[in-house]
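Any read-out appearing in this document is the output of simple, stated calculations on the displayed coordinates, not a laboratory observation. Source: prediction; values computed, not measured. We place every Cβ from the backbone using ideal geometry, glycine too, and count neighbours over all the protein chains shown.
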Amino acid sequence: MRVLTIVIFLVILGVTLVITYWAARRTRTTSEFYAAGGQLRAAENGFALAGDWMSAAAFLGFSGLAALYGMDGSLYAVGALVAFLGILLLIAEPLRNTGRYTLADVIAYRMQKPQARLAALIGTIVVNIMYLIPQMAGAGVLAKLLLGIPYSVSIVFSGLAMVVYVAFGGMLATTWVQIVKAVLLLSSAIILLVWVLALFGFNPVALFQGVETRYGPEFLSPGNYLKNPLDQLSLGLSFALGTAGLPHIMIRFYTVPDAKTARKSIIWLMFLAGAFFMITTITGLAAAYFVGQEEILAADPGGNLALPLLAQFLGGGAGTLGGQLFLAFVAAVAFATILAVVAGLTLATSGAVAHDLYVNVIKRGEVEERTQVRVARISTIVVGVLAIALGLLVQGLNVAVLVILAIAVAASTNFPIIVLSLFWRRFNTSGVIGGVTVGLLSSVVLALLGPGFLGERALFSLVNPTVLSMPLGFAGAVLGTFLGGRNRENEARFDEVAFRAQTGAGAES
Amino acid sequence: MADPAKRDQARTAPSAESADPNVDWSEAARQPSFRDLISAKVKFLVPLVIFYLVFYLSVTVLAGFAPSFMAQKAVGPINVGYLLILATYMMAWIVALVYIGVANRSFDPKAERAIEALHARKDDA
């Protein structure tokens, strides 16, 4: 089994390194490094977006949740699709029309003040690091459980791989690694789906019947995972609006030539990833039915191995050749998934460090093109080293809760300032600072006081604080705006931002 | 992959530094073609955003506060909750396709007219 997984994984790794070599020769300018020259097609960006969004948390996590907690897992998964409606309808096209490389670009374009960019880039870095840690830890845990490779070895390996992809191949390599991974992920999900359905005579109702007979109707009712009723709404809100504040997703819209292509790429994403999320309900229930919750829990208390175990069962069970082959394939795809997502996060973070902090805040834009690319590559290495160090530090801790925190911070910190920059005339630099400060503090503090971190001793009853911290983030932004006073010049600038954002004037390629 | 020749052209997306001082943007934002685009967008997008948010958040609120309603059997062993989740998938896909249609047919031509009017104004000046 180990040898087989390693062989399949090495093949995937080889393909991604060839991609990186090919992309590195086409990555010379800053625009090529951060945005693949802005020349991707809708389908390419759509597959890459789907790759970014179908993280290991989705591939392994959603199936695991559906297997252990029934309906709450499926509700979680559909939220990840609805997340993109707000981005499609309101955010992606204006973002494409007013930004270049990073999320903070949009805010800086509106405010023309380095302080606004500085506040915005802090939100980006915090969200990315919180998202990065559980991905790194996931790679470590998975390698240990499935291959017996020590945690620290796989952390260092993942960190090296992502630095190589990003530092040499920039956005072009990151994109194609995502595309390869999305295709692998979707194919394995479809194979598992068809196989499961075939066992039930292509009648999903029979699957539900089987699960109900085995676990009782309570299993298919809501409330098994999220005990606090408000948590359901809070999770829904953070997905529906917080996704627009995830920098590694949003920078993908800079890789296409215009708003129309950005729009089309979201449609690709919504059908690819949406179908995939729907499949996780079926594969999750099938894992509960065939593998059994006891065995899933025994393999990993978080349920993350439900899907690999289902694959093993379908292939013929533990110890058989088919079972080993299936398990090896799914495990290798899961590794590839983690590598691709950490590469996207690394690129987004080094963009915030190099483009936002170094070039625009510290040097006020006075940096030569060649130097900019070099700085971007150096910050990629710095981010990689940091990710390895953090991954090693959190060994043994349950970091899955950080994913919830990351998206809550995105919803409470990044989302309000993006929306207000694009749609509110009076919004100003002190509003950006107020929004970031209040949104960041309230989401982090409330999450740290909640059951996700304190368990039984929680002082705040919600795992996901978005339902409270997002309104607080907006309130901080509005309060900051009023405290900053009116600025005619800034308000007149809103006309330009609105005109360009909504029409794409000046952003034609 | 786009052809390499095209890739070499630097994209002309505006940067934070490229505010065009030669255009009176307040006037541009007042021109009828732009107002027309904005009012079309507001009229279509505001109800659509409210619809999808209310739809999806209602499902999460029902799951939180009306679990027994969600657990009622609807189709054999499948309960109301799972059907609502399935409906949410359908809703998301339909809303996305409806938006694409309207954006292509109505918003894009209106945005083009607004840009043309802007250029015409620039040439006059």
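Remark on the range A:290-426: Rg and Dmax equal 21.4, 66 Å (Cα only).
With the gyration tensor restricted to C-alpha atoms of the range A:27-109, the semi-axes of the equivalent ellipsoid amount to 31, 16, 11 Å, longest first.
In this rough spin-label picture, where each label sits 7 Å from Cα along the Cβ direction, the residue B:38-residue A:194 distance is 5.2 nm.
Here the protein assembly as shown is assigned +1 on the Cβ of each Lys and Arg and -1 on the Cβ of each Asp and Glu. Its dipole about the Cα centre then comes out at about 600 debye.
When the alpha carbon gyration tensor of the range A:415-509 is reduced to an equivalent ellipsoid, the three semi-axes, largest first, read 34, 16, 8 Å. The Rg/Rh ratio of the range A:149-217, with both radii computed over alpha carbons and Rh defined as the Kirkwood radius, is 1.27. Converting the Cα gyration tensor eigenvalues of the range B:30-125 into ellipsoid dimensions via √(5λ) gives semi-axes, longest first, of 44, 13, 7 Å.
Projecting the Cα atoms of A:322, A:230, A:342 onto the dipole axis of chain A, where Lys and Arg carry +1 and Asp and Glu carry -1 at the beta carbon, places A:342 farthest toward the positive end. In plain terms, the chain from residue A:389 to residue A:369 could stretch by 4.1 nm, reckoned as 0.36 nm per residue minus the Cα-Cα distance. Of the three principal axes defined by the Cα atoms of the protein assembly as shown, the extents in descending order read 78, 52, 48 Å. Dipole of the protein assembly as shown computed with +1 at Lys/Arg Cβ and -1 at Asp/Glu Cβ about the Cα centre; of A:158, A:191, A:3, farthest Cα towards the positive end is A:158. Rg then Dmax, both in Å and based on the Cα atoms of the range A:223-337: 18.3, 52. Computed over Cα pairs, the Kirkwood radius of the range A:304-378 leads via Stokes-Einstein (1.306 mPa s, 10 °C) to a diffusion coefficient of 104 µm² per second.
With 19 Å as the limit on Cα-Cα distance, the pairs of B:41/B:110; A:113/B:122; A:144/A:181; B:41/B:122; B:43/B:110 that go past it are A:113/B:122; A:144/A:181; B:41/B:122. For chain A, what does -39500 (n - 2.57) per DSSP helix run (n ≥ 4), summed and divided by total residues, give at 222 nm, in deg cm²/dmol to the nearest 500? The per-residue figure over chain A is -24500 deg cm²/dmol. For the residues of A:234-247, the average number of beta carbons from a partner chain within 10 Å of their own beta carbon is 2.
Extension gain, residue A:10-residue A:145: 0.36 nm per intervening residue step, less the Cα-Cα distance, totals 46.8 nm. Label sites at residue A:160 and residue A:115, each approximated as a point 7 angstrom past Cα along Cα to Cβ, lie 4.6 nm apart.
Other protein chain C-beta atoms within 10 Å of residue C-beta, averaged over A:76-82: 5.
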